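A.B. asks: Next up is a structure, given as structure tokens.
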Amino acid sequence: MQAWPMRVLGALNILFVALGAFYSGGMIQMHWNKWPGSPSHLHWAVFMFLDAISISMILYLGYLGVRLIKKDARALWQLCLLFVAEIAYFAVVVYVTWFLMPASMSAIAVDFWGMAQDPLVPQVVTGYPLVGLVIAFVMLLIRRSPPDTYSR
């Protein structure tokens, strides 16, 4: 039915998991013991919380990618919801850290806490959550549409 498009979407999910892990690991290695600002224990707690959300999202993206490769069409709805959650999460974090935080905290809010979103950066830079949402939603609509039974 939709085996190849589902498998391609699943492979792209797994590719973005690998890219996110690679990018995040590289950024942590680059900033090791040279963290932006002077983070306190509370700043580290916020960083860990945001990083846990980012890592959970890319791990779930990989899980859904494996399910799509196995042609499990039920993963499409969950993938749509995950893409919406990723878009909303990134938008809220950027809005809060860039616009609501005082300028005196910019090194912590933008630079340090921004590193917690590094696992999602390859997706955001390429627009994959938005494109993937459209593709997955179209695949859902095609799957739900009744077959054309036109007969002569």
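The values are calculated or read from the model by the stated rules, or taken from the named source; none is laboratory data. Owing to the predicted nature of the structure, the values given are computational and were not obtained by experimental measurement. A quick note on method: Cβ atoms are made from the backbone with ideal geometry, for glycine too, and the neighbour counts reach across all protein chains shown.
A.B. asks: List the residue pairs whose Cβ atoms are under 7 Å apart, where the first residue sits in segment 56-81 and is farther than 12 Å from A136 by Cβ, the second is among the basic types (K, R), and the two are 6 or more positions apart or on different chains.
C.D. replies: The qualifying pairs are I69/R7.
A.B. asks: Could I ask something else about it? Let me confirm something: among T149, T97, which residue is loosely packed, with under 12 Cβ neighbours inside 10 Å and modelled with pLDDT under 90?
C.D. replies: Matching residue, one of T149, T97: T149.
A.B. asks: Let me ask you something else. What number of residues in segment 13-44 are closer than 30 Å to L64 by Cβ and among the hydroxyl-bearing types (S, T, Y)?
C.D. replies: 2
A.B. asks: Additional query: Pairs, please: C-beta under 7 Å, at least 6 apart or cross-chain, first residue part of a helix (DSSP H, G or I) and in segment 1-28, second modelled with pLDDT under 90 and acidic (D, E)?
C.D. replies: Short answer, once both residue conditions are applied: Y23/D118; S24/D118; M27/D118.
A.B. asks: W113 fails exactly one of the following numbered conditions: (1) in contact with a helix residue (DSSP H, G or I) (Cβ under 9 Å, 6 or more places away or on another chain); (2) modelled with pLDDT of 85 or more. What is the number of that condition?
C.D. replies: Evaluating W113 over (1) in contact with a helix residue (DSSP H, G or I) (Cβ under 9 Å, 6 or more places away or on another chain); (2) modelled with pLDDT of 85 or more leaves (2) as the failure.
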